[in-house]
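Heads up: the structure comes next, in structure tokens.
A short reminder: the numbers here are calculations on the coordinates, not readings from a lab. Since the structure is predicted, the reported quantities are computational estimates derived from the model, not experimental observations. Positions of Cβ are generated from backbone atoms using ideal geometry, with glycine treated the same way; all protein chains shown enter the neighbour counts.
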Amino acid sequence: MSNCHSSVLPLMTLAVIAVTLAVSLPSAQASPAVVKADSSHKDSGDRVYQHDLSDLDHDEDEDEDDHKYDHEAFLGKEDSSKFDKMSPEESKANLGKIVDKIDKDNDGMVTEKELSDWIDYISKRYVTEDSRKQFLDYASSPADKLSWDTYKARNFGKDTDEATSKSMSRDERRWQRADRDGDGMLSLAEFTDFTHPEEAPHMRELVGLETLEDMDKDKDGGVDINEYIADMWTPSAGEQEPDWVKTERETFSNVRDKNKDGRLDQAEIASWIVPEDYNHVEAETRHLMSQADTDKDGRLSRQEIMDKYDVFVGSQATDFGEALGKHEEL
């Protein structure tokens, strides 16, 4: 049996929160959601693969100042914390280096597309780095390809019990879905889809299926209201149903069960746990453009960005900022 099988991984943009998501992910890795202090209280949002760019509250108005959120969206949470310890001079100097990275065609202007690509990269950096690290546990180079037999031998061994065999079959099904070219091997990009299927559109249906299999206890092919509630709440002896459970019952009927047949099918589950209705990267890009594009030409000059450095990376440091310690280079 795998010695590293897990169903827990940090959420891309909520990476600082440890959580349990019942969608079973590959043996060498884990999956995202929102933590609850009380294990008996897990609302339906706990299963959702969030795509926020920060775990901070955010005003959706493009013209509103919301710099803490902007900093995390532009830098990522870890680097945002580093910038908070820099003096304004250090902050501006490092912003200049980032602008050089964003300006792919080196024309001295940052287009909306270049800014969007950067924010998208930052939002997915954890996924990319995590997958690369796992991949190199098996392969000697990112250019290599990984075979199913190698992965299986490492994670499951030769002697498997029923539960391990079931887990192995599930991983193999996901492996085959991630194998875009059908050669039986996974490149680093394909392995990223395997370990983080919530980020790959062609894997979305499978994420819904895996969740359905987890929740469908009577194996009738759908999740009824009782299975939906049981996934979130197990009452103690004599415990009355709390108000939040009643709210979830209403959510099941009014929101989740789109075809009103009394149960959730695979497509309904996928639309719930891998939502597609809002593009946070596009929204944040428009917001930053509106904040910094003073001449309204649809592009950001280096000077426009530096003039608004507080919007992008503005340091929280006081005059004593340098005393907080040397920062690592980005």
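For region 184-221, which trypsin sites (Lys or Arg not before Pro) are both in a DSSP coil and crowded by at most 14 other Cβ atoms within 10 Å? Display every interim value, and only then the final one.
Working: sites: Arg204, Lys217, Lys219; in loops: Lys217, Lys219.
Qualifying residues, ordered by number: Lys217, Lys219.
Below 8 Å between Cα atoms, with a sequence gap of 6+, how large is the relative contact order for region 211-284 in percent? Please list the in-between numbers first.
On the way: 48 pairs, mean separation 23.4, N = 74.
Worked out over region 211-284, it gives 32 percent.
Along region 172-177, what does the Karplus equation 6.51 cos²θ - 1.76 cosθ + 1.60 (θ = phi - 60°) give for ³J(HN,Hα), rounded to whole Hz, x for Gly and Pro?
Result, ordered by residue: 5, 4, 5, 4, 5, 5 Hz.
Just in region 229-301: which trypsin sites (Lys or Arg not before Pro) are loop by DSSP and have at most 13 other Cβ atoms within 10 Å?
When the trypsin sites (Lys or Arg not before Pro) of region 229-301 are filtered for loop state and at most 13 Cβ neighbours within 10 Å, Lys258, Lys260, Lys296 remain.
So which chymotrypsin sites (Phe, Trp or Tyr not before Pro) in region 186-280 are both in a DSSP loop and have at most 12 other Cβ atoms within 10 Å of their Cβ? Walk me through the intermediate numbers first.
Numbers: sites: Phe191, Phe194, Tyr228, Trp233, Trp244, Phe252, Trp272, Tyr278; in loops: Trp233, Tyr278.
Qualifying residues, ordered by number: Tyr278.
Please provide three numbers in whole Å: the alpha-carbon extents of region 133-271 along the principal axes, with the largest listed first.
Here the Cα extents, ordered largest to smallest, are 55, 32, 27 Å.
Quick query: amide H of Asp224 versus all other amide H atoms, modeled in the peptide plane; which residues come in under 5 Å with a sequence gap of 5 or more or a different chain?
Leu264
Which value in nm describes the separation of the simple spin-label points at Asn106 and Asp144, placed 7 Å from the Cα toward the beta carbon?
Distance between the two pseudo-spin positions: 3.4 nm.
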